[in-house]
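Before any comments, here is the structure.
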Amino acid sequence: MIEKDAKLILDVHGLQTYFKTDAGIVKAVDGIDFSVHEGETLGIVGESGCGKSVTNLSVMRLVQSPPGKIVGGEVFFEGDDILKVSEAEMRNIRGNKISMIFQDPMTSLNPFLRISTQMIETIRLHETNVTKQEALARSIQLLKNVGIPGAEERIFCYPHQFSGGMRQRVMIAMALSCNAKLLIADEPTTALDVTIQAQILELIQKVNHEMKTAVILITHDLGVVAGMCDNVCVMYAGKIVEKAPTDKIYKFPAHPYTEGLIMSVPRMDIKGEKGKLFSIEGQPPNVIDLPECCAFHPRCHKAMQGLCNRCYPPTVMLDDDHEVTCWLYGDEKQKKVAMARADEREKSEEVSK
Amino acid sequence: MAKYVLKRLLGIIPTMLIIVTLSFFIVRVAPGGPFDGEKKLPDVVKKNIEAKYHMNEPLLKQYGRYILGVIQGDLGPSYKYKDHDVNFFIGSSLPNSMILGVIAITLAVVFGVTFGILASVNQNSWVDYLSMGLAVIGISIPLFVICPVLQLVFAMKLQWLPTSGWFRSGDPWTTVIMPSVALSFSYFANIARLMRSSMLETLRSDYIRTAKAKGMKRSTIIFKHAMKGALLPIVSYLGPAFAGIVTGSVVVEQVFRVPGLGKFFVQSSFNRDYTLIVGVVIVYSVILVVMNFIVDVIYSFLDPRISYQ
């Protein structure tokens, strides 16, 4: 829940993260902007491989390098550009001010160390004046807060002695151990069964409400987004194609891709053709050497030949908080200019051949 | 745990019995015998010798006699060296091989693990290429090349170390250096390569990403979070490697004149010295079985997911 004039926590401008591969440069994240305020829950949705996770690993500066590299943009966290701070300062931010929980709780905890060791080390890493005993007491309290019964004994167990849902609770407790300002949850429920999913999401919501922790929720489950998020970013092929408050996205999806995603959610009340579930035709594009065009146009049923396949769509404000990147909303003048430029480009390419 | 240890120790007995039985019969399948020389012995003489060693008895009776001896700790007389029994040869040579082997495996582990970690955390840098280059050299150059080269450089040219001998009077330990270094080379190479790949794999795992996301330092991540998991393949390699290294190497022993066990593996086979062959096989398998048991115990200490009942 965002309060009025809530403090801006994270402000991302033009972030670009590229991966160098033998086949070419993969533009996993290509110039995206978004911001998160205190107490806000931002959903980032999109298909696999659209750059959701890389976006957030970039915010944490944890992109595996090589081959990955943040090549452009700014990430302001509480006013400072964290792409510019030193690695030591960045370490102080990770786990302390920005925490992260991951998709697979089965493999995200270190199987060789006790839960107590893993929790205490996080606390004592960021708060050096805390003694081991104090850190232990705090860890036990944290485990109790996330609903682990018998936390006093369970804390000395190893991760394999916990179930998947319990492990994700431990991950959340660990992520909260230093009162992080921002919690990035990278598909936190994908590996869990439905009832446990609901419990974990509730827990994240509780944290968000009670501690005013801002949350970025990465997911491909639009149902989860509807229930949890204040704002939503829809990503496609490394770009944000639509950004709006959650209710607007569901009521008035502007981008054909968003529309397709929402239609693809199974619903009891609406049946598709012959009772089949709607799905977006085709595959997400290969993000190596994307041509200058809208990346979604081959799958788009509203694509305009000559325009969508030749020119980048403009970003249009439909409302003061509803942003969409699509030619459907470009004005005639923009279209003409873009087409003329595309003609020129193609001509010069022909000449050079 | 105590119950598990007892169970495993008891399990060694049938394993050993099978090994002894198999090797007892297999060596006798090979053509020729211990008393067949280039010159054929007169039949009477041969009969007398065979009677002395009970070789005229039925095979099963010989086997029973041998097993009874083994149980009492007597590995029997050598068929080739008239004045000594197998216990004497093993008792006098195994300690030398042990000293050499333990030093060599220690060197191999210390340097292998260090170079492996250095290579993995500096992947694709000159450190990586240098370590792995050394490892490839260690694996591909045979001992009979490494040993003389070491002698040439350190004994002949630099005159730092004696060329050969074992615990010579004066400064005894200097004679140990070259053979143990030579012996450790290929083991070092294997450990370094294993360590590098397992560390790389561990560093890519999800829980290391978690540790990074918690803001842990690189050194803490490597030594506290990744080390245990990365060491597991090394530990399983070390079991058989240790058994192999402490039972000696023919080449190293020959070149550096070390009175070790290794040469008996080869000599006894050529001589069809049945009892000596089975004797060294027993020594090797006991060490191997015990090492595998120790490896399993170490595993349970390293990896909490493994528990033995």
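Values quoted throughout were computed directly from the atomic coordinates according to the rules given, and no laboratory measurement underlies them. Predicted model, so just to flag it, every value in this text is computed and none were measured. Positions of Cβ are generated from backbone atoms using ideal geometry, with glycine treated the same way; all protein chains shown enter the neighbour counts.
Rounded, prolate or oblate for the stretch A:41-115? Axes are the square roots of the Cα gyration tensor eigenvalues, ordered a ≥ b ≥ c, and the cut-off for rounded is a/c under 1.5.
On the way: a/c = 1.61, a/b = 1.20, b/c = 1.35.
It comes out oblate by the Cα gyration axes.
Return the inverse of the average 1/r over all pairs of distinct C-alpha atoms in the protein assembly as shown, which is the Kirkwood hydrodynamic radius, in Å to one decimal.
Numbers: mean 1/r = 0.0326 Å⁻¹.
Kirkwood hydrodynamic radius for the protein assembly as shown: 30.7 Å.
With point charges of +1 on the Cβ of Lys and Arg and -1 on the Cβ of Asp and Glu, referenced to the Cα centre of the protein assembly as shown, which listed residue (B:ILE208, A:ILE98, B:ALA155) lies farthest in the positive direction of the dipole?
Result: B:ALA155, furthest along the dipole toward the positive end.
Calculate the dipole size of the protein assembly as shown relative to its Cα centre from +1 charges on Lys and Arg beta carbons and -1 charges on Asp and Glu beta carbons; express the result in debye to the nearest 20.
Numbers: 69 positive and 63 negative charges, 517 e Å.
Using Cβ point charges on Lys, Arg, Asp and Glu, the protein assembly as shown gives about 2480 debye.
Give the aspartates and glutamates reachable from A:LYS27 as a straight Cα distance under 17 Å; neighbours fewer than 8 places away on the same chain don't count.
Answer for A:LYS27, where 17 Å is the Cα cut-off: A:GLU47, A:GLU74, A:ASP289, A:GLU292, listed by chain and number.
Step through the table entries A:LYS144/A:LYS212; A:LYS212/A:LYS251; A:LYS20/A:LYS243, compare each Cα-Cα distance with 21 Å, and write down the pairs that go over it.
Values: A:LYS144/A:LYS212 19 Å; A:LYS212/A:LYS251 27 Å; A:LYS20/A:LYS243 28 Å.
Beyond 21 Å between Cα atoms: A:LYS212/A:LYS251; A:LYS20/A:LYS243.
Please label the shape of chain B as rounded, prolate or oblate, based on the square roots a ≥ b ≥ c of the eigenvalues of the alpha-carbon gyration tensor (a/c under 1.5 means rounded; beyond that, a/b larger than b/c means prolate, else oblate).
Values: a/c = 2.98, a/b = 1.60, b/c = 1.86.
It comes out oblate by the Cα gyration axes.
Ranking A:MET166, A:MET100 by Cβ neighbours within 10 Å, fewest first, what do you get?
Details: A:MET166 21, A:MET100 27.
The most exposed by this proxy come first: A:MET166, A:MET100.
Residue separation times 0.36 nm, minus the C-alpha to C-alpha distance between A:GLU332 and A:MET304: what's the value?
Working: separation 28, 0.36 × 28 = 10.08 nm, distance 1.31 nm.
Full extension of this stretch gives 8.8 nm more.
To the nearest 20 Debye, how big is the dipole of chain B about its Cα centre, given +1 on the beta carbon of each Lys and Arg and -1 on that of each Asp and Glu? Mind dumping the intermediate values first?
Numbers: 29 positive and 16 negative charges, 153 e Å.
Its charge dipole is roughly 740 debye.
Antiparallel versus total DSSP beta bridges in the protein assembly as shown: what percent is that, nearest 5? Present the calculation step by step, with values, prior to reporting the outcome.
Working: 35 of 54 bridges.
Just about 65 percent of them are antiparallel.
Given the rule -39500 (n - 2.57) for each run of at least 4 DSSP H residues, summed and divided by the residues of chain B, what is its mean residue ellipticity at 222 nm, to the nearest 500 deg cm²/dmol? Intermediate values should be presented prior to the final figure.
Numbers: 12 runs with 212 residues, N = 309.
Value at 222 nm, helices only: -23000 deg cm²/dmol.
For B:PHE144, put the label point 7 Å out on the Cα→Cβ axis and report which residues of the stretch B:176-194 keep their amide N under 13 Å from it.
none
I'd like to compare B:44-50, B:199-205, B:209-215: which one has the highest average count of other Cβ atoms within 10 Å, and what's the full order after that? If you can, show how the numbers build up before the last one.
On the way: B:44-50: 12.7, B:199-205: 18.7, B:209-215: 24.3.
In decreasing order of mean packing, B:44-50, B:199-205, B:209-215 become B:209-215, B:199-205, B:44-50.
Apply 1/(1 + (r/R0)^6) to the Cβ-Cβ distance of A:HIS13 and B:SER300, taking R0 = 51 Å, and write down the FRET efficiency to the nearest 0.05. Mind showing how you got there, number by number?
Values: r = 52 Å, r/R0 = 1.02.
Once rounded, the FRET efficiency stands at 0.45.
Between A:ARG341 and A:SER48, what FRET efficiency follows from the Cβ-Cβ distance if R0 is 30 Å, with the result rounded to 0.05? Please list the in-between numbers first.
On the way: r = 33 Å, r/R0 = 1.10.
Efficiency, from the Cβ-Cβ distance: 0.35.
When ranked by the protection proxy of mean other Cβ atoms within 10 Å per residue, highest first, what sequence do the peptides B:26-34, B:86-94 form? Intermediate results must be reported in sequence, preceding the final value.
Numbers: B:26-34: 13.0, B:86-94: 18.4.
Highest to lowest by the protection proxy: B:86-94, B:26-34.
Averaged across the residues of A:94-102, what count of C-beta atoms belonging to other chains lies within 10 Å of each residue's C-beta?
If you average over the peptide's residues, the count of other-chain Cβ atoms is 4.
Could you work out how much longer the chain between A:ASN179 and A:ASP5 gets when fully extended? Use 0.36 nm per residue separation minus the Cα distance between them, nm to one decimal. Write down the numbers at each step before the final one.
Working: separation 174, 0.36 × 174 = 62.64 nm, distance 2.14 nm.
Here the answer is 60.5 nm.
So what's chain A giving for Cα Rg divided by 2.2 N^0.38 Å, two decimals? The partial results should precede the final answer.
Numbers: Rg = 22.1 Å, N = 353, 2.2 N^0.38 = 20.4 Å.
The value comes to 1.08.
If neighbour count is taken as other Cβ atoms inside 10 Å, put A:CYS157, A:CYS293, B:CYS147 in order from fewest to most. Walk me through the numbers before you get to the answer.
On the way: A:CYS157 16, A:CYS293 19, B:CYS147 23.
With the fewest neighbours first, A:CYS157, A:CYS293, B:CYS147 line up as A:CYS157, A:CYS293, B:CYS147.
Set the Förster radius R0 to 51 Å, insert the Cβ-Cβ distance between B:TRP126 and B:VAL44 as r into 1/(1 + (r/R0)^6), and round the FRET efficiency to 0.05. It would help to have the intermediate numbers written out before the result.
Working: r = 73 Å, r/R0 = 1.44.
The value I calculate is 0.10.
Select from chain B the helices, each a whole stretch of DSSP H, whose alpha-carbon atoms run 24 Å or more along the helix axis and whose Kyte-Doolittle mean is at least -1.0; answer none if there are none. Don't skip to the answer; put the middle values down first.
Working: long enough: B:2-29 (42 Å, 1.62); B:86-121 (49 Å, 1.85); B:174-203 (41 Å, 0.81); B:227-246 (26 Å, 1.43); B:274-302 (41 Å, 2.26).
Within chain B the helices that satisfy the rule are B:2-29, B:86-121, B:174-203, B:227-246, B:274-302.
Would you mind pulling out the separation of the Cα centroids of the stretch A:40-64 and the stretch B:84-98, in Å?
What the calculation gives is 66 Å, centre to centre.
To make sure I understand, if each residue's beta carbon is the centre and we count other beta carbons within 10 Å, what order do B:ILE177, B:ILE146 fall in, fewest to most?
Values: B:ILE177 17, B:ILE146 21.
If I rank by nearby Cβ atoms, fewest first, I get B:ILE177, B:ILE146.
Send over the per residue convex hull volume for the stretch B:89-258, Cα only, as a whole number of Å³. Kindly include the intermediate steps, with their values, before the conclusion.
On the way: hull volume 21.6 nm³, N = 170.
With only Cα atoms used, the stretch B:89-258 gives 127 Å³ per residue.
Once every Cα of the stretch B:114-197 carries one equal point scatterer and solvent is ignored, give the base-10 log of I(q)/I(0) from the Debye formula at q = 0.16, 0.18 Å⁻¹, two decimals.
Reported log10 I(q)/I(0), two decimals: -0.69, -0.79.
Kindly provide the trypsin sites (Lys or Arg not before Pro) of the stretch A:91-170 that DSSP labels as loop, not H, G, I, E or B, and whose Cβ sees at most 10 other Cβ atoms within 10 Å. Walk me through the numbers on the way to the answer.
Values: sites: A:ARG91, A:ARG94, A:LYS97, A:ARG114, A:ARG124, A:LYS132, A:ARG138, A:LYS144, A:ARG154, A:ARG167, A:ARG169; in loops: A:LYS97, A:ARG114.
For trypsin sites (Lys or Arg not before Pro) across the stretch A:91-170 that sit outside H, G, I, E and B with at most 10 neighbouring Cβ atoms in 10 Å, the list is empty.
List the lysines whose alpha-carbon lies under 16 Å from that of B:LYS212, not counting same-chain residues fewer than 8 positions away?
Cα-Cα hits under 16 Å: A:LYS97, B:LYS224.
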